[in-house]
1. Roughly what angle does helix 28-37 make with the longest principal axis of the chain, taking Cα atoms, 0 to 90 degrees, to the nearest 10?
2. Where the centroid of each part is defined by its Cα atoms, how far is region 28-44 from region 271-349 in Å?
3. Percent relative contact order of region 124-167, based on C-alpha pairs within less than 8 angstrom and at least six residues apart?
4. Quick one: angle between helix 199-209 and the longest Cα principal axis of the chain, in degrees between 0 and 90, rounded to 10, please.
5. For region 283-294, what does the Karplus curve 6.51 cos²θ - 1.76 cosθ + 1.60, with θ = phi - 60°, yield as ³J(HN,Hα) per residue in whole Hz, taken in order and with x for Gly and Pro?
6. Long-range amide H contacts for S132: which residues qualify at under 5 Å (H placed 1.01 Å from N, peptide plane, sequence gap of 5 or more or a different chain)?
7. Kindly write out, for region 271-282 in residue order, the coupling ³J(HN,Hα) from the Karplus curve 6.51 cos²θ - 1.76 cosθ + 1.60 (θ = phi - 60°), rounded to whole Hz, with x marking Gly and Pro.
8. Could you check which residue among A66, A322, A285 shows the biggest mean-square fluctuation in a GNM of the chain with a 10 Å Cα cutoff?
Amino acid sequence: MWPDRRLIDLLGTEFPIVQAPMAGAMDQELAIAAAKAGALGSLPCAMLSADKARDQVNIFRQQVSAPVSMNFFAHTPTALDPAQEAAWRTRLAPYYKEQGLDPAMPLPSAARAPFDAAMCEVVETLKPEIVSFHFGLPDDKLLARVKAAGCIVIASATIVKEAVWLEERGVDAIIAQGAEAGGHRSMFLTDDIATQPGTFALVPQMVDAVRVPVIAAGGIADGRGIAAAFALGAAGVPGIAGQPDHSQESRAGSGRHDRHHQRDDGRAARGIVNRAMRELGPVTADTPGFPHASAAFGPLKAAAEKTGSADFTNLWAGQSVALTHEMPATELTQALAGAALRRLSQMAG
């Protein structure tokens, strides 16, 4: 009934839906719920230790018999610039004082590490069916080890050039991350936000440029969007999942109030505009590189959230957030698949 079954056949899932991993905002429970519904369950591992990642995969496998994806960042770490860091802390000092915090307090290191040899050993031991990467790919030797472990490799691209680069390196499926998508941009061959096309301009160009299945991401929140993505040649779509700590802000925000910028960790991302976004503005040359800016932001986030404030919380959301509905992940996945199939059936005639 799906017009393109390549992703279903590749992943071994009931539906061509990939539950989006959200580092720092979810654990294995959401992945389990999505997998039980027939989607690909994804575990965000970029902020986990090797032991924690291993534990989450084991819990997943104890509760559901389905393929699982382990998701990692593949960014190139930037060196911490002391002068930049000092300027950043000075910029945040008034907020620290407002929250009753010491602007000079010691800070933990930012917990966003790229895929490395230690995590590769975890992958080789656990052999997850799928390994996915954001911000490009790890070095060739690590990628070869992942492939040798029998894992299907998925990665994100934001422009056609990135998709071609990924396919040339053996990626099995590519996520076309349109400009509408919430969260961090997966840009790795450019840092120019102005070059980012929307999903429904990007997908057909990417489909024409590569042979592997393309997963459309961004601006897709219901059966209409899924059907439109398939009409343009996509073989899959991401699952829709919200973070409970800002669901109300997301629904109230709609597409008019989301923005591509974020200073809190030094990398461009789309989210609902809160106080931090509004007052600090976008990532600029004086922002510490990813992920160093997040270290100084952590205490502000924690202090504000204790009072129920989302002033310093990452409110990641895409432009279609106003179309989303709050419901359990299992029900949502099945509802999306059913609505998409009905729409596709109508289109077929």
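The values are calculated or read from the model by the stated rules, or taken from the named source; none is laboratory data. Because the structure is predicted, anything quoted here is derived from the model rather than measured. Neighbour counts run over all protein chains shown; Cβ positions are idealised from the backbone, glycine included. With ligands, DNA and RNA removed, areas are computed over all heavy atoms of the protein, side chains included. Shrake-Rupley method; radii C 1.70, N 1.55, O 1.52, S 1.80 Å.
1. It is inclined by approximately 20 degrees.
2. 18 Å
3. Details: 41 pairs, mean separation 19.9, N = 44.
Once divided by the residue count of region 124-167, the mean separation gives 45 percent.
4. 60 degrees
5. 4, 9, 5, 8, 7, x, x, 5, x, 5, 4, 5
6. M70, N71, F72, I154
7. Along region 271-282, the couplings run x, 5, 6, 10, 4, 4, 4, 5, 8, 8, x, x Hz.
8. Looking only at A66, A322, A285, the largest GNM fluctuation is found for A285.
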